[in-house]
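Before any comments, here is the structure.
The values are calculated or read from the model by the stated rules, or taken from the named source; none is laboratory data. Because the structure is a prediction, the values reported are computed rather than measured. Positions of Cβ are backbone-derived with ideal geometry, glycine not excepted, and every protein chain shown enters the neighbour counts. For accessibility, only protein heavy atoms count, side chains too; no ligands or nucleic acids. Shrake-Rupley method; radii C 1.70, N 1.55, O 1.52, S 1.80 Å.
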Amino acid sequence: MRSPQDALYALVSDWPVNGGVHQQRAIDFCRAWLAGRMPAETVRQAFILAALEAGVPLDDDGDGAEAAVVNPPV
């Protein structure tokens, strides 16, 4: 993901498992970021937990931060 906005789209539109606790928290955090109430790093951590919960593989973007979903479902 390149931004919390991209993460929100993936969590809502492309997520392979719906109803996870971490998925919902990540959605809430992304929305809070859009409203200016949540730092992007906190959203990133929530997204990573949601990905782990759903078994979604993450791609390391080269700086040690898991930033992008590998082969998101279509």
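Points worth noting:
- Scope the range 1-45; condition under 18 Å from Gly55 (Cβ atoms) and small (Gly, Ala, Ser); matching residues: Ala7, Ala10, Ser13, Gly19, Gly20, Ala26
- Residue that is modelled with the lowest pLDDT [pool: residues in the range 1-32 that are in a loop (DSSP other than H, G, I, E, B) and either of a type outside the set (S, T, N, Q) or open to solvent by 70 Å² or more (accessible area, probe 1.4 Å) (or both)]: Met1
- Residue within the range 54-64 that is within 12 Å of the chain's Cα centre (by Cα), modelled with pLDDT of 90 or more and among the small types (Gly, Ala, Ser) present: yes
- Residue that is nearest to Gly19 (Cα to Cα), among those in the range 38-59 that are among the aliphatic types (A, V, I, L, M) and outside any helix (DSSP H, G or I): Val56
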